[in-house]
């Protein structure tokens, strides 16, 4: 099975279950266990800097929430190249991870082009 994890906690669970060798994609925030560093990254932060103040972070997050946009970008080309059978994500919070809408939109395109049936 080819797994892409779009949540750091899910990535840790994949490794805890002994399935780290099945992981073919991860988020830019996945950093544990250390072996995950060799797995291709599928996401990016769309703005901000480590030196941003709490106010700057709050304004960016609030703007994204009110504007209906995500704080993260999915690399659809990298996702397609990974050819996942299973994508681990969530749909509760667009501020916490790549939006579920963006993930399912990318999967529909990939599945249509490849004839695959990816589970999300």
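Given the convex hull of the Cα atoms of the chain, what is a quarter of its surface area in nm²?
Working: hull surface 30.9 nm².
Computed as one quarter of the Cα hull surface, the answer is 7.7 nm².
With both partners inside the chain, how many of the DSSP beta bridges are antiparallel, as a percent to the nearest 5?
Numbers: 3 of 10 bridges.
Once the DSSP bridges in the chain are tallied, antiparallel ones form about 30 percent.
For the chain, what is the calculated [θ] at 222 nm in deg cm²/dmol (nearest 500), taking -39500 (n - 2.57) for each run of four or more DSSP H residues and dividing by its residue count?
Roughly -11500 deg cm²/dmol at 222 nm, from the helical runs in the chain.
Taking 7 Å along the Cα-to-C-beta vector as the label spot, tell me the residue 17-residue 32 distance in nanometres, rounded to one decimal.
1.9
Where does each of 24-30, 40-46, 6-12 land if you order them by average Cβ count within 10 Å, highest first?
Working: 24-30: 21.6, 40-46: 17.0, 6-12: 19.7.
Averaged packing, sorted descending, gives the order 24-30, 6-12, 40-46.
All of the numbers you see were taken from the coordinates with simple rules; none came from a lab. Because the structure is a prediction, the values reported are computed rather than measured. Methodologically, a virtual Cβ is constructed for each residue, glycine included, from the backbone with ideal geometry; neighbour enumeration extends over all protein chains shown.
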